[in-house]
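These notes concern the structure reproduced below.
The values are calculated or read from the model by the stated rules, or taken from the named source; none is laboratory data. Remember, it's a predicted structure, so these values are computed and weren't measured experimentally. Every residue, glycine as well, gets a Cβ built from its backbone with ideal geometry; the counts of neighbours run over all protein chains shown. Keep in mind that these areas ignore ligands, DNA and RNA; they rest on the heavy atoms of the full protein, side chains included. Shrake-Rupley method; radii C 1.70, N 1.55, O 1.52, S 1.80 Å.
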There are 4 protein chains.
Amino acid sequence: MIIVMQPGATAMQIEDVLARLAELDLSGQITQGEERAIIGVLGSPIVPGFGAAMEALPGVEKTLRVSKPYKLASREFHPTPTIVHVRDVAIGGDEVVVIGGPCSVESAEQLRRTAHGVRDAGARLLRGGAYKPRTSPYAFRGMGERGLELLAQVGQETGLGIVTEVMTPADVALVGQYTDVFQIGARNMQNYLLLEEVGRSQTPVLLKRGLSATIEEWLLAAEYIMAQGNPQVMLCERGIRTFETATRNTFDLNAVAYAKRVSHLPVLADPSHGTGKWQLVTPLSLAAIACGADGLIVEAHPDPDRALSDGAQSLTLENFARLMVQAVGVAQAVGRTMQTSAAMSASPVV
Amino acid sequence: MIIVMQPGATAMQIEDVLARLAELDLSGQITQGEERAIIGVLGSPIVPGFGAAMEALPGVEKTLRVSKPYKLASREFHPTPTIVHVRDVAIGGDEVVVIGGPCSVESAEQLRRTAHGVRDAGARLLRGGAYKPRTSPYAFRGMGERGLELLAQVGQETGLGIVTEVMTPADVALVGQYTDVFQIGARNMQNYLLLEEVGRSQTPVLLKRGLSATIEEWLLAAEYIMAQGNPQVMLCERGIRTFETATRNTFDLNAVAYAKRVSHLPVLADPSHGTGKWQLVTPLSLAAIACGADGLIVEAHPDPDRALSDGAQSLTLENFARLMVQAVGVAQAVGRTMQTSAAMSASPVV
Amino acid sequence: MIIVMQPGATAMQIEDVLARLAELDLSGQITQGEERAIIGVLGSPIVPGFGAAMEALPGVEKTLRVSKPYKLASREFHPTPTIVHVRDVAIGGDEVVVIGGPCSVESAEQLRRTAHGVRDAGARLLRGGAYKPRTSPYAFRGMGERGLELLAQVGQETGLGIVTEVMTPADVALVGQYTDVFQIGARNMQNYLLLEEVGRSQTPVLLKRGLSATIEEWLLAAEYIMAQGNPQVMLCERGIRTFETATRNTFDLNAVAYAKRVSHLPVLADPSHGTGKWQLVTPLSLAAIACGADGLIVEAHPDPDRALSDGAQSLTLENFARLMVQAVGVAQAVGRTMQTSAAMSASPVV
Amino acid sequence: MIIVMQPGATAMQIEDVLARLAELDLSGQITQGEERAIIGVLGSPIVPGFGAAMEALPGVEKTLRVSKPYKLASREFHPTPTIVHVRDVAIGGDEVVVIGGPCSVESAEQLRRTAHGVRDAGARLLRGGAYKPRTSPYAFRGMGERGLELLAQVGQETGLGIVTEVMTPADVALVGQYTDVFQIGARNMQNYLLLEEVGRSQTPVLLKRGLSATIEEWLLAAEYIMAQGNPQVMLCERGIRTFETATRNTFDLNAVAYAKRVSHLPVLADPSHGTGKWQLVTPLSLAAIACGADGLIVEAHPDPDRALSDGAQSLTLENFARLMVQAVGVAQAVGRTMQTSAAMSASPVV
């Protein structure tokens, strides 16, 4: 339930509402809008007659039922957009942010070249996997903690914040020492104990949509994280599984625009996994920005043909730079700006 | 198979190749590129040793096998983009074209208001259904020939070419008297006798992708039309069926970018059916342009709440006009221009 | 709406109800159950107060709204199972019926050998395609009318009724001269003009489920046929399109059991298309019978490796005979019997 | 790679092959067939010329490449079926085994009634969730360790082995103290660290197929477990996610028959989740047995309408007992027998 306060409601009146909620073992979360405050009510069951009782309190204009099964993640509950801050980067506001980097950390040299390349092209955050979930137990599964160390070190050198995946609750503390953003991979979107563990941290979380998760299930996964006290969640569309085999996944840009409407959380898009083919990454990156994505996460590699994972969907550093230039134009066309590194303007791009 | 001629090959040498093909009961289709001619070979079976025999002819540089099951529709076979001409409108070149109009023709008044609205906003062609395939036998199924007459009349008044659906081979002659473009609906994408019947006409065809058709099957459906002699085929992505229920369909923009790569045919996108929700039509229209669509087909209605079909996904005329303004900017950002009617600049848009 | 008559309602009272319906431009369809009659009301709109007015008539017990969008096809509307009669074969009752034969009619010899083989193994009807919808325009598309002639001739010789596909409304009259059952293929499940054309005949129809049709859409397709006056419709599950690629389709046996519950029409299953692999045809045939299918349609060929279509999913005649023997046992285990030809018991089976 | 020994190969010759593998940092897994031994080779990379070198060894007949990406789980690698033993129950042999019980453990009373009910009806193992993965963080999530204690206690009383879900690696030791079989739920099928943790135990594992996992991915998940040294893996089909909404999932019985062909592991089926509707559970249970499932896992509850989870798909104890009687007949029809408790014959069933 949502309690909408009157435009002139006083701080005291809001306190009174919260106190009344506490008496009923409920709690309230305040969103201060431009005109009025809105209080989201958490906890259940909500007893009959509760709405009328609340509406009788001074300063309360009306109460509304939340129509979605998720609450903290819903825009009804929290009408203003959430801005997630990662170092000096703000995600979810007017600017479009690009996260670039390799699929896996393979070596210091590979990571360093890629990081400099994407930063100089305008990326603001560095992605790279140290722990890789792989379909086959016989495939390369990442460098582990050594990979985390390299990420932290190269992040330091380049000034880029780090985004890296954490796969299991027991690793959250360790990975948290190195990363600026926890990535929850598609396969783990419903690994609820992991969601809760990152929810107990104060580190921002990039939550990828599961391979066959509905948008509602995706937002309920965000709810798991938020319900533990961490509001810094970014949603990330990365393609869903359908009957089509020409592309690795079906990139669901409807979901980007829809999630922006029903949720206040930032929504990013991952065209690398969304398409699985580097030739399609640039056009679909532009499409994601055009339909309202707050950012992109794009795989790049100095030599994709030799990548240990996801080579087929990784851009070369040159193509990454070209993408960034085009992205600036599309962002402007839809009233956004691209956040780009200082290095970008100085960097020669064909 | 494709026969690539040498850069300096003479017309006589090309003729000789064609003559040799004819001797083998095969035929050749010539694409004259900037540097050299390419001859696509049609017919089968192709006997062993055929490639070597062709390569031995004067002026032939090499032969290539076509890797796709479709030939006429493939870019290997026909490397330059096909431009489809409908009245004075060219589709498939640098300009992005918008087709607007109601789902169904409901009355002269409704069609006229919509047609003027979309034309003044910049649309170049008018869509409208006279024969509607409906899931239930008890739903409104269109006005039939009276609807066709209204379309032709309003097309005349507004100067807009007409796009309307034909549902069965027996109707092709009749519908062809009124329309400028045959629309083949998603449910009929594999109605092969219908495809062949429109393939025997010289009227351009807008071929919607089937609800669960792979991109390959879609191109093979185009091949059915082209194999009868009608090269004027436009592909149209309109959403595929997946597990997601928050949107009517999953709009597969990967397919737009992918089809542009593997085929020379123009590729359009239908964000109305692709999303099923008018609130998502504008962002997904912009996304479609950003990833390379040659045009859009968008449902609009003067009063969507009272539409006899597809009200939930139809834009008001005001929202249609706003979409067109934003589309101009996105088209420019990706190096395209929007074809817009003269009326557009004169028309006030909020 | 459904009007439930009282147990002792007289024929006169039923007549009165029908007369009252006729006054309102509605019609009624009577199902005489063991205890009482039920009248399904067709036509719309149904005016407010109509239910109460009907309940006031003598002999009426109550009225019920039909909860499904399909009516004629629903079990609410017609509680007793429909039995479809094809020559001397009854489908939809206690006996399980098997339709066997080649994918395509290829020659008199191939058809004759297959027909004798499946008949001797116990099949009661002969399938075979004369007109084949093929994904590629370059694939074998059937023998056409010559194929129909062969089917009729071999049907005569073997005493087997014929099931063959009709692809377009214009062919209904011709195909109807040769066949005992019209097959509507998966690609044509929503070819509404074709459904209506076979609906105007009195020949039984085998309606395959579309590749991505929901069960509701499938029943609405049956409704299209029935609404034209042909009640002899058999539903046929043949696999749906999903992400799984190990099998050609995903055979949805849930749909068989579900359709049996919500509809009174016979439900058959096609394990050949449902699996796409002959090795899986026998186990899935048994599964279909176990969950309530009224019959099977199974592809068989004297030499599957040389079949012009669907060889990978065709059983040899020997394997077809083995399947029949196992099917008898499973049918008994679920309280059904197999209809088998007289020839079966005489035929040696390993 | 697989090394096929000659029929008369000696133990010494086999030892020599293993020794040679060890020199190359590879290991071998022996399957002793009726006629000859087969040695599966584990480890990589396999150097060029390796096959020829092996074929030159005494007693070796030939070497074969494994065509599947999974090895330990493949039937090529291990041609004889694996029998998993849980207490006195053998799964994967001639007998069909049924696991019954509630979705969640809710109370001692509820569990006890259900356990006695399913045992008396013929079930051999007891299922029940103490830790429940739920889509919403606000739903009932199980009784935790108290639930495990109840399971162990009721298992003791009834003589039924216990099957219960473990959700995260850190819980494996605790859950392992109480359960006879670890269940890995569909959402965790690609939780690789969890798979490896149960792989390091010697407790049998029931591995449910993921909601949108291909059969290949499912077998690779089994490979993760087996690669850690635990060969006691049972596969369990529980429905996949498709476009169909009439049923909760699409129960993929093709996958049961296919997995039996390509793998030697036992394959079970879960018609409760596979359908999501109790009315469909019985017919689809019979179908699963008919197509070769080695067992069923079925949800039952004394009062499904009041179940805290999955009430809609739970059988009453009476319907569970009726299902068991029908299952006996279908199992016999396909040459299997049902393992049933001694209690069954004594128990009155309608």
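Of the residues making up segment D:140-197, those that are within 14 Å of chain A (Cβ to nearest Cβ), touching a residue at least 24 places away in the same chain (Cβ under 8 Å) and closer than 16 Å to D:PRO102 by Cβ number 4.
Set side by side, the residues A:ASN230, A:ASN319 differ, and just one is in contact (Cβ under 8 Å) with a residue 24 or more places away in the chain and within 14 Å of chain D (Cβ to nearest Cβ), which is A:ASN230.
When segment D:275-306 is filtered for residues that are in a loop (DSSP other than H, G, I, E, B), more than 9 Å from every other protein chain (Cβ to nearest Cβ) and open to solvent by 20 Å² or more (accessible area, probe 1.4 Å), the ones remaining, listed by number, are D:PRO302, D:ASP303.
Residues in segment D:148-169 that are under 14 Å from the mean Cα position of the chain (by Cα) and polar (S, T, N, Q): D:THR164 only.
Restricting C:ALA257, C:ALA300, C:ALA269, C:ALA307 to residues that are at pLDDT below 95 and either among the polar types (S, T, N, Q) or touching a helix residue (DSSP H, G or I) at 6+ places or on another chain (Cβ under 9 Å) (or both) narrows the list to C:ALA307.
For segment B:233-262, which positions are of a type in the set (Asp, Glu) and within 8 Å of another protein chain (Cβ to nearest Cβ)? B:GLU244, B:ASP252 - these are the residues of segment B:233-262 that are of a type in the set (Asp, Glu) and within 8 Å of another protein chain (Cβ to nearest Cβ).
Residue count for segment B:63-74, restricted to those that are at pLDDT 90 or above and either surrounded by fewer than 17 Cβ atoms within 10 Å (Cβ to Cβ) or assigned to a helix (DSSP H, G or I) (or both): 0.
Out of segment B:1-25, which residues are touching a Lys or Arg at 6+ places or on another chain (Cβ under 9 Å) and assigned to a loop (DSSP other than H, G, I, E, B)? Explain how you work it out, then say what you get.
Start the filter on segment B:1-25 by keeping residues that are touching a Lys or Arg at 6+ places or on another chain (Cβ under 9 Å), which leaves B:1-9.
Residues satisfying the conditions are B:MET1, B:GLN6, B:PRO7, B:GLY8, B:ALA9.
Regarding A:THR10, is this residue β-branched (Val, Ile, Thr), out of contact with any Cys (no Cβ under 9 Å at 6 or more places or on another chain) and open to solvent by 60 Å² or more (accessible area, probe 1.4 Å)? Write out each step before concluding.
Numbers: β-branched (Val, Ile, Thr): yes; out of contact with any Cys (no Cβ under 9 Å at 6 or more places or on another chain): yes; open to solvent by 60 Å² or more (accessible area, probe 1.4 Å): yes.
Yes.
If we keep just the residues of segment C:209-220 that are at the interface with chain B (Cβ under 9 Å from one of its Cβ atoms) and touching a Pro at 6+ places or on another chain (Cβ under 9 Å), which is least open to solvent (accessible area, probe 1.4 Å)? Among those residues, the one meeting the criterion is C:LEU220.
Say whether the condition of being touching a His at 6+ places or on another chain (Cβ under 9 Å), acidic (Asp, Glu) and assigned to a strand (DSSP E or B) is met by at least one residue in segment D:250-259. No, the conditions are met nowhere in segment D:250-259.
Quickly run through segment C:264-274 and pick out the residues that are more than 8 Å from chain D (Cβ to nearest Cβ), closer than 24 Å to D:ARG241 by Cα, open to solvent by less than 10 Å² (accessible area, probe 1.4 Å) and of a type outside the set (Asp, Glu). Working first, answer last.
Going residue by residue through segment C:264-274, those that are more than 8 Å from chain D (Cβ to nearest Cβ) are C:264-273.
From what's left, closer than 24 Å to D:ARG241 by Cα: C:267-273.
From what's left, open to solvent by less than 10 Å² (accessible area, probe 1.4 Å): C:267-272.
Residues satisfying the conditions are C:VAL267, C:LEU268, C:ALA269, C:PRO271, C:SER272.
Of the residues making up segment B:221-243, those that are out of contact with any helix residue (DSSP H, G or I) (no Cβ under 6 Å at 6 or more places or on another chain) and open to solvent by 10 Å² or more (accessible area, probe 1.4 Å) are B:MET226, B:ALA227, B:GLY229, B:PRO231, B:GLN232, B:ARG241, B:THR242, B:PHE243.
In summary, B:GLU106 fulfils each of the numbered conditions (1) under 22 Å from B:LEU268 (Cβ atoms); (2) surrounded by 22 or more Cβ atoms within 10 Å (Cβ to Cβ); (3) more than 17 Å from the chain's Cα centre (by Cα) with the single exception of condition (1).
Note on segment D:13-45: residues that are farther than 16 Å from D:HIS78 by Cα, among the acidic types (Asp, Glu) and loosely packed, with under 14 Cβ neighbours inside 10 Å amount to 3. For segment A:307-314, indicate whether the set of residues that are of a type in the set (D, E, K, R), without any contact (Cβ under 8 Å) to a residue 60 or more places away in the chain and open to solvent by 10 Å² or more (accessible area, probe 1.4 Å) is non-empty. There is no residue in segment A:307-314 that is of a type in the set (D, E, K, R), without any contact (Cβ under 8 Å) to a residue 60 or more places away in the chain and open to solvent by 10 Å² or more (accessible area, probe 1.4 Å). Suppose the filter is touching a residue at least 12 places away in the same chain (Cβ under 8 Å) and either closer than 18 Å to D:LEU72 by Cβ or among the small types (Gly, Ala, Ser) (or both); does D:LEU206 pass it? Answer is yes for this residue. Residues that are under 16 Å from the mean Cα position of the chain (by Cα) and in the same structural domain as C:SER136 (by TED's automatic domain parsing) are absent from segment C:242-250 altogether. The residue that is farthest from D:LEU284 (Cα to Cα), counting only those in segment C:247-263 that are in contact (Cβ under 8 Å) with a residue 60 or more places away in the chain and open to solvent by 10 Å² or more (accessible area, probe 1.4 Å), is C:ARG248.
Taken over segment A:115-129, the criterion of being within 14 Å of chain D (Cβ to nearest Cβ) and among the aliphatic types (A, V, I, L, M) is satisfied by no residue. Residues that are among the basic types (Lys, Arg) and either closer than 22 Å to C:ALA293 by Cα or touching a Leu at 6+ places or on another chain (Cβ under 7 Å) (or both) within segment D:271-324 comprise D:LYS277, D:ARG322, listed in sequence order.
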